[in-house]
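So the structure is just underneath, and the comments pick up after that.
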Amino acid sequence: MVCPDLTYDENIFIDDGTGVHLFSAIADNTLLLSAQIGHHCRVGSQVLLTACSLAGNLQGGDNSFIAISAAVQQNTAIGKGSILGMGSIIVSSTADGSVYTEPPATKPRVSSADVKQMDL
């Protein structure tokens with residue numbers, strides 16, 4: 001169920017299994033698949049949310065991915081370009097470009113600095 005006061009930009013997709021609560025905003029080019037979005041959440045642009053739970057008053061960074069069964073505590077911010085893996089439990093704000101997996105996800109598995117150092 002999506003509340004009627006949802007603010008959203010262009011090119012978003014919200015499937016029937018998604019719930020969005022009061023006073024939330026979703027930026028452009030975002031895909032919500034069976035996600036639960038709490039009150040006063042701001043989801044950035046080019047974000048993919050799949051069967052995850054975001055508590056209230058959350059700031060979601062642009063170009064992020066939040067996987068199945070991931071949970072994010074209220075009053076936190078997800079960094080730009082972050083990946084929250086399946087089953088992650090986020091209890092504090094995340095850094096930009098970080099990858100978090102396994103509950104509780106207190107430390108990033110890979111940071112953007114680590115990616116820059118890898119030989120690809």
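The values are calculated or read from the model by the stated rules, or taken from the named source; none is laboratory data. Everything quoted here is computed from the prediction, not taken from an experiment. Cβ sites come from the backbone with ideal geometry, for glycine too, and all protein chains shown count toward neighbours.
Could you list, in sequence order, all residues of segment 42-53 that are crowded, with 24+ Cβ neighbours inside 10 Å and either outside any strand (DSSP E or B) or modelled with pLDDT under 95 (or both)?
VAL47, CYS52, listed by residue number.
Pick out the one residue from THR50, THR30 that is β-branched (Val, Ile, Thr) and farther than 21 Å from PRO103 by Cβ.
THR30
For segment 56-78, give me the residue count where each residue is in a loop (DSSP other than H, G, I, E, B) and either crowded, with 20+ Cβ neighbours inside 10 Å or hydroxyl-bearing (Ser, Thr, Tyr) (or both).
6
Here is a check on your reading of the model: is GLY81 of a type outside the set (D, E, K, R), within 28 Å of ASP16 (Cβ to Cβ) and modelled with pLDDT of 90 or more?
No, not satisfied.
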